[in-house]
Amino acid sequence: MQLAKRIQRVVIDTNLVLSALVFAQGRLAPLRLAWQGAQCQPLLSSVTAAELIRVLAYPKFKLTTADQQELLADYLPYCTTVRMPAQLPATPDCRDKFDLPFLQLAVAGKADCLVTGDQDLLVLVGQFACPIVTAEQFMKTLKK
């Protein structure tokens, strides 16, 4: 009897989610396929969801409201929402205060890893309870 492989619980930073959604044929397409194919379980908090919604509306992406809704529909249903505790978890000091919600979500959601391309988060590798990996490193683990 083969044991079912546990799906990795991951926090994916907004820039990577955005790239995977907006550039469907881009280098991060495998990331999108991973959450759609239940190879990973993205974690979301109200703060990280709000940031994604806000960023999708940036004029530079030229996305209509319908386009934004469609992209959100390609991500949100695959996510697990984590209710953040009133007392937010302790995290290492971070150079960018806007990255803190991702660190806090990783702790509160008991994430297997935090996937990012953000240098402000990558400099914390080894200083944080949860592994911090690049999209490329994460996608290599999916192929195994």
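Read-outs throughout are calculated quantities, based only on the coordinates presented, and are distinct from any laboratory measurement. Keep in mind the model is a prediction, meaning the values are calculated, not measured. Every residue, glycine among them, receives a Cβ derived from its backbone with ideal geometry; neighbour counts consider all protein chains shown.
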- Message: If I stretch the segment between Ala29 and Asp96 completely, what's the gain in nm (0.36 nm per residue apart, minus their alpha carbon distance), one decimal?
- Response: 21.4 nm
- In debye, nearest 20: dipole of the stretch 8-139 around its Cα centre with unit charges on the Cβ of K, R (+) and D, E (-)? 160 debye
- Query: Given springs between every Cα pair under 10 Å in a Gaussian network model of the chain, which of Leu121, Leu16, Leu63 has the largest fluctuation?
  - Reply: Leu63
- Message: Test of understanding: what is the full-extension gain from Thr65 to Phe128, defined as 0.36 nm times their sequence separation minus their Cα-Cα distance?
- Response: 19.0 nm
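Under the definition of Cα pairs under 8 Å and six or more residues apart, what whole-number percent is the relative contact order of the chain?
Here the relative contact order equals 29 percent.
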- Tally of Lys pairs whose C-alpha atoms are under 26 Å apart, taken over the chain, 8 or more apart or cross-chain: 9
- Item | Charge dipole (the chain, unit charges on Cβ, about Cα centre) - positive-most of Gln119, Gln25, Thr64 | Gln25
- Item | Placed amide H near Ile12: partners under 5 Å, 5+ positions off or other chain | Leu43, Val115
- Using mean Cβ contacts within 10 Å as the protection proxy, how do 110-119, 68-77 order, highest first? 110-119, 68-77
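Could you give the Stokes-Einstein D for the chain in µm² per second, using the C-alpha Kirkwood radius, 37 °C, 0.692 mPa s?
Rounded, D is 210 µm²/s.
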- Query: Measuring from centroid to centroid over Cα atoms, what is the spacing of the stretch 20-37 and the stretch 102-144 in Å?
  - Reply: 17 Å
